[in-house]
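We did not get these values from a lab; they are worked out from the coordinates using the rules stated. Model, not experiment: these values are computed from the prediction. Here the Cβ is made from the backbone with ideal geometry for all residues, glycine too, and neighbour counts use every protein chain on show.
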Amino acid sequence: MSKPYILVLYYSRQGGTAQLAQQIARGIESAGMEARLRTVPPVSTTCEAISSDIPDSGAPYCCKEDLQHCAGLALGSPTRFGNMAAPLKYFIDQCSDLWLNGDLIDKPASVFTSTASLHGGQESTLLSMMLPLLHQGMVVMGLPYSQSELSTTQSGGTPYGASHLGGEEGRALSPEENNLAQAQGQRLAKHALKMV
């Protein structure tokens, strides 16, 4: 059997969500677990379009087995009108067999997002990503207010999960956003370690 890992599964168009994913992975690994970074391909409006099996850059594409065998999940998406992006939803919609088999029941999970605008739907996007995880029987965790950055951040960060305010210029993560993402990864890993 392979070493337990936490899947950090995300879709990122402008890079903000990918930055959060990397910081969450750093937090996971600092707590003593392997973080497996994976992404999903974009969805094409042309039905016949087929993307390469390997992305040009960044994390490899996720396969269903990555999700099936994980000890925990961090799921991330940019906001799309207050909801998760279609490519991530498309991947999740293909996982009904994992639901039928109960493969994800009782595994810890968390969510993260990034937006271009301050009130661009961060919290509703995080909540939308929680719904399929709850249907899968996962134990969804947020960020407690013991993380002092939740009370001081001037950009991203919510009790529902780490977030990033990228702005239209795509700015880097703030120190508070970095800390919250790493804390989320650590918390997820600590709970996953108790389960394995």
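Quick one: putting +1 on the C-beta of Lys and Arg, -1 on the C-beta of Asp and Glu, what dipole do you get for the chain around its Cα centre, in Debye to the nearest 20?
On the way: 13 positive and 17 negative charges, 75 e Å.
Computed about the Cα centre, the dipole is about 360 debye.
Just to be sure I follow the definition: excluding the sites themselves, where is the longest run in the chain that has none of the GluC sites (Glu not before Pro) in a DSSP loop with at most 15 other Cβ atoms within 10 Å? Don't jump to the answer; show the numbers that get you there.
Values: sites that count: 48, 168, 169.
With a cap of 15 other Cβ atoms within 10 Å, the longest stretch comes to 49-167.
Any chance you could list P(r) for the stretch 88-175, counting all Cα-Cα pairs in 10 angstrom bins from zero, rounded to whole %?
Distribution as computed: 16, 42, 28, 13, 1 percent.
List the residues whose amide H sits under 5 Å from the amide H of residue 8, counting only those 5 or more places along or on another chain, with H placed 1.01 Å from N in the peptide plane.
The list, which skips near neighbours in sequence, is 36, 37, 38, 74.
Given the options 175, 132, 108, state which has the largest fluctuation in a GNM of the chain using a 10 Å cut-off (strictly under) for Cα springs.
Largest GNM mean-square fluctuation: 175.
Can you give me the P(r) profile for the stretch 1-117? Cα pairs, bins 5 angstrom wide beginning at 0, each as a whole percent.
Calculated over all Cα pairs of the stretch 1-117, the distribution is 2, 11, 21, 24, 21, 13, 6, 1, 0 percent.
In nm, to one decimal, how far is the residue 44 label point from the residue 152 one, both placed 7 Å along Cα→Cβ?
4.9 nm
Could you work out how far the C-alpha centroid of the stretch 125-145 sits from that of the stretch 1-39, in angstrom?
If we compute the Cα centre of each part, the gap is 17 Å.
Set the Förster radius R0 to 25 Å, insert the Cβ-Cβ distance between residue 61 and residue 93 as r into 1/(1 + (r/R0)^6), and round the FRET efficiency to 0.05.
Details: r = 16 Å, r/R0 = 0.63.
So, using R0 = 25 Å, E works out to roughly 0.95.
In percent, what relative contact order does the chain have, based on Cα pairs under 8 Å that are 6 or more apart in sequence? Show your work: numbers first, answer last.
Values: 417 pairs, mean separation 54.2, N = 196.
Reported as a whole number, the value is 28 percent.
How big is the convex hull of the Cα atoms of the chain, per residue, in Å³? Please report the intermediate quantities before stating the final value.
Details: hull volume 23.1 nm³, N = 196.
For the chain, the hull spanned by Cα atoms encloses 118 Å³ per residue.
Mind scanning 89/194; 64/89; 3/194; 3/89; 107/190 and naming the pairs with a C-alpha gap bigger than 20 Å?
Details: 89/194 29 Å; 64/89 13 Å; 3/194 14 Å; 3/89 28 Å; 107/190 12 Å.
Over 20 Å Cα-Cα: 89/194; 3/89.
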